[in-house]
Amino acid sequence: ESSQHKEHRPPRTGGKAKQRGKSGKTKVIDEGKLQGKNPRAFIFKSSSKAKKARTIAAEKQQRKLRVPVVDRQSNEPPPYVVVVQGPPACGKSTVIRSLVKHYTRHALSEVKGPITVVSGKKRRIQFVEVGNDLNEMIDAAKLADLVLLVVDGSYGFEMETFEFLNVLQVHGFPKVIGVLTHLDQFCDSKQLRKQKKSMKARFWSEIHNGAKLFYLNGTRNGQYLKRDTLNLARFISTAKFKPLTWRSTHPYVVGDRFEDITPPREENDVQHSECDVAIYGWLHGCNMRTGQLVHIAGVGDCTVDDIQTLPDPCPLPSSDKKQRKLVDQSKSIYAPMTDIGGLLYDKDAVYVNMDDRDVNFSRRIKEGENSSGSLRFDAESTEHKKAGIDMVYGLQDAQISLDDKLRASGIQFFVGRKTFKGDGVESLGYNKVDFQDKFQGFNSGNQAIDQHDSGNGPDYKEIRMRRAANFAKNHAVVEKEGKKIEEPDGNNISGHMEINMVTKTTAREICLFGTAYESHQDAQENNTPVPSNNSGGFFKRAGHMTSDAFDASKSITFEGSKFQHLLFFDDHGLGSRFVTGDWTAAACRNDHVTKSEAKLGRGKRGGDCADIYGNFEDLETGDFLGTTAGHPMTDDCRKIDEIVDMENHQNCKSIVKGVFPCKTKSIGKDGTIENDTSVCTDVNNPLSYFDYVKDALQERALKTHRELDRLPDTTREALEGYRPGSYLRLVLRSVPREWVVHFNPIRPILIGGLLASEDSFGYQHLRFKKHRWFGKVLKNQDPLIFSIGWRRFQSIPVYSVKDANGRYRMIKYTPEHMHCHATIYGPMIPQNTGVVAFQSLAEKVVSFRISATATVLEVDHSIKVMKKLKLVGLPTKVFKNTAYITGMFNSALEVAKFEGAALRTVSGIRGQVKKAAKLGQSAPHLTKSVHAGFHPHEEGTFRASFEDKLLLSDIVFLRSWVRVDVPKYFNPVTSSLVGKHGSWNGMRTVAQLRHERKLSIPVNRDSIYKHIARPLRVFNKLHVPKSLQRALPFESKPKIETKRMQRTLEQKRAVVFDSEEKSLATLVQQLSTIRNDRAGKVRCKAVSKREKRTKQIIKDEVWRKDLSRQERKKRYREQG
């Protein structure tokens, strides 16, 4: 979109204009006087600061840039969906009623379904209220353009607010505005400021710094104060919304009206039959086509049987009148589920709802007629208020039906000529409706017919008519005051008359379609018979072709193009080059070309075999040789190719050099938009690559719109589908009857279009993380409810972690604070699509209900999730480096599959599987086996080699990997098929089943962790023979000392203190006694103090508990 803003128009009348005149703001002040005489006072003093400031400014500008998106909307965009969400009894309905009252001056009694209002000259808003149901919250997050989070300021944030915020973050995260209500319950202003500050900080931490937060202080007459509502409404009316990737690539309709169009059936078939419904709403996102597969949130997948465009029930004000503010007539509202506005738009009618208590449409009483039993209605007193009453009375008083009036009506094409009646026009093959649509001056009624038949027509001035000689058949040229007019004869007056009128009223544009189908198109527009041309033998022109048919040649036009002067559209021979042209002219042209080639001496190859060999190019001279060489049409086509190649080459060279072509738009003389492509040479302000891509997208969209605008509406709809912003009526066939029976207008109706690849099923690989607020870890293969794209479904995930070698290893539980991978079975969804998972959708849950969040990484059928498998065996016979292992396999075939596999013992000795032992081979060696129950002929025994000798007590294990199959389970969530008091139930986990049936967890004794008691191993002392000791050197001989039987002198000697040592020992003993006594007193004092503190805490808890109980009683009493 263009970044240019409209110029400011100051008010000319009113209070602001008077204040502006008094304050003297209109005076122009010289900027030089403001800046002063010193130019250095207004620049940076430091170059480093200047560089830093420019860097910061450039970074801010780059952060604002977004990837350019092609605007696929129509002239009037659809209303922006504003979702109002919050916990129960927080003021959601009051917020909507206050905003609707501000925008439309209309007081709502109840809020039910979407409510659409006009908020500005170019903006409409559709309010949708969302409750505490998780299904409604998920659907609202997928369609919201702006979210109003209503929070009870006196209580604080509740769990529903954080749950909805997490759902929003996954599904695109639209713009969020916080609204604090119930702030009038604070009596202390200091406490109110503290509450506002804390909630604002928490709100910013969840969204972003600077997020808008509005405060609504108190209510009056059931609505919030006008000043608070005005502040909120102004921000909503001027808010900018970023385009979301999923919504810009998928069409979707927010239904504001639901209608059951099922034909009546017998009572026995009603309960088990399917229904046909019609959904009304504006189209968002991209184009939608008839027969497209859509997903109805909470119902399932369905195919759109029929789409029809209806008049906009809440149109924007006309842009022809320049007005600064919206007038009261333009402040319209449309809420069919709330029964507001009184208008319902159907396929072929508009219904006006009027109250019978106000108007009684009995027959009007004429003057002088008195009827005591009839109710007289004074229409003159309510002429301005009830203008439609006269129209209804006029329909009641009509004596002749509308068809009879049309049949008796007539049309007069020229002044003083014959008037054609409806029957006469039908006899000529014309349709009266076509005359009414194409021409003006349709005279209805019997007045014109009577005047013509009686001869009392209007008097006309006599004008001298000059006739020029024209020898053409059935034609004459009449010259009227210097202007020549072609006058048809009386027999063919109707056909030629229409040709002249169409020529005067409509200007045909020159295109290939008109050149190829010129005569056919004229015949179609004039409804005249097309002369048959059987010269071709195989191709015949169709006698009638509807305007709805799609023809690709209509989109090929060269108007306003630089190639127009190279194509000779005025040449009459150009039409004969198409299939619909004159083949005799083509044959003559071929004969002429053959003769000219024969004169040039090109021989047989140039004449008879020209279609086989074609043209030749001389690579040295560059000349073309062939049947079409030198022809003006061929040369023109070659010039077009050269110009296109030259432009592409120049653009590529300029992009490589860093200079981007500038595209400036200018309006030509004929009113069309002309593009001037040049190269930016401004060094100080060069055009960036972002601007170049943006302009290229805008130029391409402009060309596409210009080409599509030339097509009829039906042909354009067949080509590109219905555009966003249109108000559509979608007909859905064979939908479940439960949706109609349990329809609740409070639930939002979301119909999302599916792409071609989104109806197939397969395995999806997700980057998965358990939510940090969810209380439990998620177990592998426990069912979860996923919300991906438009769908909500239940599936069984398999969790895994990617190892260093690229293998996905299955894990039993999700990590606590780390991402893992999850593989599920479901519909194919594009990559980088947000996913949110739930374990249960129940409303009455105390804990956080969002289990995990994820992102789609890839869609691959060959994803392998491997599980570690450990096989354990025991050695039966041990040789030096070889051993026979049993108990690991059950047959020789299994051993053959694992030949060469790596083995390992608990002690760390590595080995390898060799061969399976034959039956009875190890029997002679197993007579001394210590393992009871081993049979000589047991299958699965194999021979293995190790790097060291094993012990019979060693345990041998083999680590292997086996693939885990992902369960193919897909269960869509059909919450809309359940009643108001019911809930959708899917597959339950094993823990839920045990809890409901009060079953205990089975215990496997082998899985219980036990205390391992290993006995202390006593090794014998080293015994070296005496003969060996003699041969050993002294250093290596064992030094063994015999045990002393008597005490030494140091052990037997007594210690005697002298007088000084005795006094010191006495002093140390006294000091230690004093210290111990003081420490004892401190301990006693601390114990008494601790006991006293404990008693005080118990007293405080008692009165705090009583106070809390009283406050709760008071709050519950106020809440009712």
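Miscellaneous remarks
- The residues listed here are TYR799, TYR763; of these, the one that is crowded, with 17+ Cβ neighbours inside 10 Å, modelled with pLDDT of 95 or more and not in a loop (DSSP other than H, G, I, E, B) is TYR799.
- Unmet criterion (only one of (1) at pLDDT 90 or above; (2) surrounded by 18 or more Cβ atoms within 10 Å (Cβ to Cβ)) for LEU108: (1)
- The range 49-93, subset in contact (Cβ under 8 Å) with a residue 24 or more places away in the chain and in a helix (DSSP H, G or I), residue nearest to the chain's Cα centre (by Cα): LYS92
- Check on GLU1041, loosely packed, with under 10 Cβ neighbours inside 10 Å and modelled with pLDDT of 90 or more: no
- One residue from VAL845, VAL913, VAL878 being free of Cβ contacts under 8 Å to residues at least 12 places away in the same chain and either within 30 Å of VAL973 (Cα to Cα) or β-branched (Val, Ile, Thr) (or both): VAL845
- Residues that are under 30 Å from ALA854 (Cβ atoms) and in a strand (DSSP E or B) do not occur anywhere in the range 204-212.
- Checking each residue in the range 992-1002 for being part of a helix (DSSP H, G or I) and either over 21 Å from ASN780 (Cβ atoms) or touching a residue at least 24 places away in the same chain (Cβ under 8 Å) (or both) picks out GLU996, ARG997.
- Residues that are surrounded by fewer than 21 Cβ atoms within 10 Å (Cβ to Cβ) number at least 3 in the following strands (runs of 3 or more DSSP E) confined to the range 873-919: 902-905, 910-916.
- Options GLY979, GLY940: the member that is surrounded by 10 or more Cβ atoms within 10 Å (Cβ to Cβ) and either in contact with a Leu (Cβ under 7 Å, 6 or more places away or on another chain) or over 30 Å from ALA916 (Cβ atoms) (or both): GLY979
- Unique match (being of a type in the set (Asp, Glu) and closer than 21 Å to SER237 by Cα) among ASP139, ASP145: ASP145
- Considering residues of the range 287-312 that are surrounded by fewer than 20 Cβ atoms within 10 Å (Cβ to Cβ) and part of a loop (DSSP other than H, G, I, E, B) only, the residue nearest to the chain's Cα centre (by Cα): ASN287
- Note on the range 957-1013: among residues that are among the aromatic types (Phe, Trp, Tyr) and either in contact with a Pro (Cβ under 9 Å, 6 or more places away or on another chain) or at pLDDT 90 or above (or both), the one that is farthest from GLU136 (Cα to Cα) is PHE957.
- Check on ARG716, touching a Gly at 6+ places or on another chain (Cβ under 8 Å) and not in a strand (DSSP E or B): no
- Matching residues in the range 947-969 - criterion: being more than 36 Å from the chain's Cα centre (by Cα), in a loop (DSSP other than H, G, I, E, B) and within 30 Å of TYR808 (Cβ to Cβ): ILE955
- For the condition farther than 19 Å from ASN221 by Cβ and either modelled with pLDDT under 90 or not in a strand (DSSP E or B) (or both), ILE125 does not qualify.
- Residue within the range 1003-1011 that is farther than 30 Å from ASP782 by Cβ and loosely packed, with under 10 Cβ neighbours inside 10 Å present: yes
- Filtering the range 124-160 to residues that are more than 22 Å from the chain's Cα centre (by Cα) and either touching a residue at least 60 places away in the same chain (Cβ under 8 Å) or buried (at least 24 other Cβ atoms within 10 Å of the Cβ) (or both) leaves ASN132, VAL150, VAL151, ASP152, GLY153, GLU158, MET159, GLU160.
- In the range 215-236, the residues that are within 18 Å of THR116 (Cα to Cα) reach residues that are assigned to a helix (DSSP H, G or I) with C-beta atoms within less than 6 angstrom, at least six apart or across chains, in these pairs: THR229/SER98; THR229/HIS102; ALA233/LEU99; ALA233/HIS102.
The values are calculated or read from the model by the stated rules, or taken from the named source; none is laboratory data. Keep in mind the model is a prediction, meaning the values are calculated, not measured. In this analysis, Cβ positions are derived from the backbone assuming ideal geometry, glycine residues included, and neighbour counts consider all displayed protein chains.
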